[in-house]
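Have a look at the structure below, then the notes.
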Amino acid sequence: MLPSRRSRILGRAAATLALALLAGGVTGPGPARAGDQAGGPVDERAGSDRAAESDRAAAVVTPGDFTGFGFDQCLAPTQKSMNTWLKSSPFLAVGIYTSGTSRACRVQPNLDPTWIGKQLAKGWRLLPITLGPQASCQPRFPRYSDDVKINPAPGADKSYAVALAQGLSEASTSVADAQALGIPAGSTLWYDLEGFDLANRDCRESALRFLGGWTMRLHEQGYVSGVYSSAGSGIKMLDDARVERPGLIVLPDRIWIARWDGVADTSTSYLREDGWRPGGRMKQYLGGHDETWGGVTINIDSNYLDLGRGSLAAPETHCGGVRVDFRKYPKVKASSTGRRMTALRCLLAEQGYRVSRRAAAERRSLPPQMRSWQKAHGFTVSSAWKRKHWVALLSDGTRPVQKIGSTGEGVFRVQRAVNAAGMSRIPVTGVYDTATQAAVRDWQQRAGLPVTGVVAANSWKRLQAGQR
């Protein structure tokens, strides 16, 4: 069980600290930049690879730069469920309750540093959530006898200093809990402020100061601040403060909008369009419901994320600048010349099958290195390099799970391979977007595979066998 938040009422010393901070102006350092998480989720490995996987997870800032789908659920799912959903669901981000004495799931049987490390290593983007003191006018809280709410007292100077101090304290506890789980600085920690009566002045103003303190302390500790709340209360409150009272509090770096309109985007009429853009929004667009993927059912909320710079991939370079990305890959004969033959020679050379330009140009049949590749990869030796050979060559390599939001080398291979299969003519960007998903779904349908839009082990196996 995670260490619990100190639940005793904050004393005079905390209030004095808050007043001193207010007297100096409510300012704070900018958030630590959320770094990239290179590539997509990796497939399961055994033996010594597990140690490397653990090392990789230790350095992963989460969620980093990401555009895609996520889910949240009170109890962290079992590892088996996470593995199944990684391979079959559209989700690549997961919200987990890591801190706060007001959360319903205080006991988390699956949540420990090992669980965190495994998800990060496999490519999941984690969204650590704190559910601590709630707005004083929120009717469903406190949940427990040792649970406290945000103190609504304005104080003689109407600075709501006690609420600010509570926010500072809660952030310190959240950081300690995150660090104990192995979630590194630079990651985003989210505060869950449930919906409340926005018209209640002291309730609203104390909640606002609480969130300001939360963000201030996270910045001091090197974490990025996120706030989850309903579009019509907490999020509207923050946006109004941003526009109408700039400088009143330190605003969160990112917002998580609860608006169950069924639309997978980051917009709502409660929020001005310029707020927290670009890269500072996610939206919970569906509330609690059951979803089943790979035979595993979980009750979830559904989310769409657009955070940081969004999903992006560093460009690839092959053979000193040879072009290997095309919208189509036609048959290449021994006598063929041009960019496709140059690309073929390059890609084969990267796998150790080197064919000189002269050898490729002078032979009446494919050079022996090309025929050797065909034989080594289970093909009947052919006098031409056909589309099935292109599909297999372009997809050859490791088999990481790829889905919406994935980036990097694995996505490049998927995009080239489905182009070679003739299913599409999508741009080769290294980012798994909706166009890539649609092309993969079309290919899976033709290949007789479950149409998931996710490239997992079975899809990789068929691609690497040249399935068109």
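The values are calculated or read from the model by the stated rules, or taken from the named source; none is laboratory data. Worth saying up front: this structure is predicted, and the values here are computed from it rather than measured. All Cβ positions, glycine included, derive from the backbone under ideal geometry; neighbour counts span all protein chains shown.
Do the conditions hold for residue 318, that is, is it touching a residue at least 40 places away in the same chain (Cβ under 8 Å) and under 37 Å from the mean Cα position of the chain (by Cα)?
no
Looking for something buried (at least 16 other Cβ atoms within 10 Å of the Cβ) and touching a Ser or Thr at 6+ places or on another chain (Cβ under 9 Å) - is there at least one such residue anywhere in segment 313-320?
yes
Taking the stated definitions as given, is residue 258 modelled with pLDDT of 95 or more, of a type in the set (Gly, Ala, Ser), buried (at least 23 other Cβ atoms within 10 Å of the Cβ) and out of contact with any Leu (no Cβ under 7 Å at 6 or more places or on another chain)?
Criteria met by residue 258.
Filtering segment 43-77 down to residues that are modelled with pLDDT of 95 or more and outside any loop (DSSP other than H, G, I, E, B), which residue is surrounded by the fewest Cβ atoms within 10 Å (Cβ to Cβ)?
69
Are any residues in segment 230-272 at positive phi and either acidic (Asp, Glu) or touching a Phe, Trp or Tyr at 6+ places or on another chain (Cβ under 9 Å) (or both), and if so, which ones? Give the derivation first.
Within segment 230-272, the subset at positive phi is 247, 262.
Of everything in segment 230-272, just one residue is at positive phi and either acidic (Asp, Glu) or touching a Phe, Trp or Tyr at 6+ places or on another chain (Cβ under 9 Å) (or both), namely 262.
Residues checked against (1) under 26 Å from residue 333 (Cβ atoms); (2) under 23 Å from the mean Cα position of the chain (by Cα); (3) surrounded by 15 or more Cβ atoms within 10 Å (Cβ to Cβ):
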position: 371; (1), (2), (3): yes, no, yes
position: 376; (1), (2), (3): yes, no, no
position: 409; (1), (2), (3): no, yes, yes
position: 444; (1), (2), (3): no, no, yes
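Among the residues of segment 173-194 satisfying the criterion of being closer than 16 Å to residue 224 by Cβ and of a type in the set (Ser, Thr, Tyr), which is surrounded by the fewest Cβ atoms within 10 Å (Cβ to Cβ)?
In this case the residue turns out to be 187.
Picking from 184, 154, 113, which residue would you name as being assigned by TED's automatic domain parsing to the domain that holds residue 234, at pLDDT 95 or above and in contact with a Phe, Trp or Tyr (Cβ under 6 Å, 6 or more places away or on another chain)?
Being assigned by TED's automatic domain parsing to the domain that holds residue 234, at pLDDT 95 or above and in contact with a Phe, Trp or Tyr (Cβ under 6 Å, 6 or more places away or on another chain) holds for just one of 184, 154, 113, which is 154.
If I filter segment 383-403 down to residues being basic (Lys, Arg) and over 30 Å from residue 124 (Cβ atoms), which single residue comes out as surrounded by the most Cβ atoms within 10 Å (Cβ to Cβ)?
Narrowing segment 383-403 to residues basic (Lys, Arg): 386-388, 399, 403.
Narrowing further to those that are over 30 Å from residue 124 (Cβ atoms): 386-388.
Values: 386: 20, 387: 17, 388: 17.
Across segment 383-403, the extreme among qualifying residues is 386.
Filtering segment 180-225 down to residues that are free of Cβ contacts under 8 Å to residues at least 60 places away in the same chain and not in a helix (DSSP H, G or I), which residue is nearest to residue 281 (Cα to Cα)?
193
Looking for whichever is farther than 18 Å from residue 230 by Cα and either surrounded by fewer than 24 Cβ atoms within 10 Å (Cβ to Cβ) or of a type outside the set (Lys, Arg) (or both) here; the options are 163, 207. Which one fits?
Result: 163 is the single residue among 163, 207 that is farther than 18 Å from residue 230 by Cα and either surrounded by fewer than 24 Cβ atoms within 10 Å (Cβ to Cβ) or of a type outside the set (Lys, Arg) (or both).
Yes/no per residue for (1) touching a Pro at 6+ places or on another chain (Cβ under 6 Å); (2) of a type in the set (Lys, Arg); (3) within 30 Å of residue 455 (Cα to Cα); (4) surrounded by fewer than 24 Cβ atoms within 10 Å (Cβ to Cβ):
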{"position": "82", "(1), (2), (3), (4)": "no, no, yes, yes"}
{"position": "92", "(1), (2), (3), (4)": "no, no, yes, no"}
{"position": "101", "(1), (2), (3), (4)": "no, no, no, yes"}
{"position": "106", "(1), (2), (3), (4)": "no, yes, no, yes"}
{"position": "114", "(1), (2), (3), (4)": "no, no, yes, yes"}
{"position": "117", "(1), (2), (3), (4)": "no, no, yes, yes"}
{"position": "133", "(1), (2), (3), (4)": "no, no, no, no"}
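Read through the list (1) among the aliphatic types (A, V, I, L, M); (2) in contact with a Ser or Thr (Cβ under 6 Å, 6 or more places away or on another chain); (3) within 27 Å of residue 308 (Cα to Cα), then give the number of the only condition that residue 76 fails.
For residue 76, the failing item is (2).
Only one of 91, 141 is more than 19 Å from the chain's Cα centre (by Cα) and not assigned by TED's automatic domain parsing to the domain that holds residue 400; which?
Going through 91, 141 in turn, just one is more than 19 Å from the chain's Cα centre (by Cα) and not assigned by TED's automatic domain parsing to the domain that holds residue 400: 141.
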